[in-house]
Amino acid sequence: MKPRYFNTLFIVRAAVIAAIYTVLTLVFAPVSYGDGLIELRVSEMLTVLPFYTPAAIPGLFLGVVLANMFSPMGAVDVIFGSLATLLAAYLSYKAPNKWLVPIPPIIVNGLVIGVMLHCVYNFPLLLSILSITAGQVLSCYVLGEILMVILDKTKQHLFPTDKE
């Protein structure tokens, strides 16, 4: 049996996830970037994907790197936003059940991006954290749940050899 990590299918899945994340972020750019206190990154609904495939971990990371190259926060967002997503995606992959999958991106991004907004734009720290966390809840739990309902019906076709 072939190892399921870092084979061609794994790389293709990661690349497709990265592309979808990047495109969704750029299409919804006016609400995707936290240059104000309102950030609703629709692409964050994809943070539920590590529950279905480990390829989502590097895919989300690469997607955030690419999308954040257009961020008004610049290199700070590319580096820290991407690392926050990498950590959150790994923790989501390790989640024991699907109801807990959105928790890591909500907490990690709420804290990291909230602190970044505070440091870069001098927004009030608590307000920044709460604002980003609220956007993450909408993206990860509301939109992510809709995506999970769809994926639960199709996962045997999309991810037949991946995490059950």
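Values in this text are rule-based calculations from the coordinates and carry no lab data. Computed from a predicted structure; not experimentally measured. For neighbour counting, all protein chains shown are included, and Cβ atoms are generated from backbone atoms with ideal geometry for every residue, glycine included.
Values as computed for the structure displayed
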| item | result |
| --- | --- |
| Answer label, with percent of Cα pairs over 29 Å apart calculated from the coordinates and candidates [x] 36; [y] 41; [z] 15 | [z] |
| Stretch gain in nm, segment Ala29-Glu145, where the contour uses 0.36 nm per residue and the Cα spacing is subtracted | 39.6 nm |
| Expected 222 nm ellipticity per residue - DSSP helices of 4 or more, -39500 (n - 2.57), all of the chain, to 500 | -18500 deg cm²/dmol |
| Loop sites in region 1-97: trypsin sites (Lys or Arg not before Pro), DSSP, at most 15 other Cβ within 10 Å | Arg4, Lys94 |
| Contour minus Cα-Cα distance for Phe70 and Ala134 (0.36 nm per residue) | 20.8 nm |
| Average Cα contact separation per residue, region 51-164, under 8 Å, 6 or more apart, as relative contact order % | 26 percent |
| Within the chain, longest stretch clear of exposed chymotrypsin sites (Phe, Trp or Tyr not before Pro) (DSSP loop, no more than 16 other Cβ within 10 Å) | 71-164 |
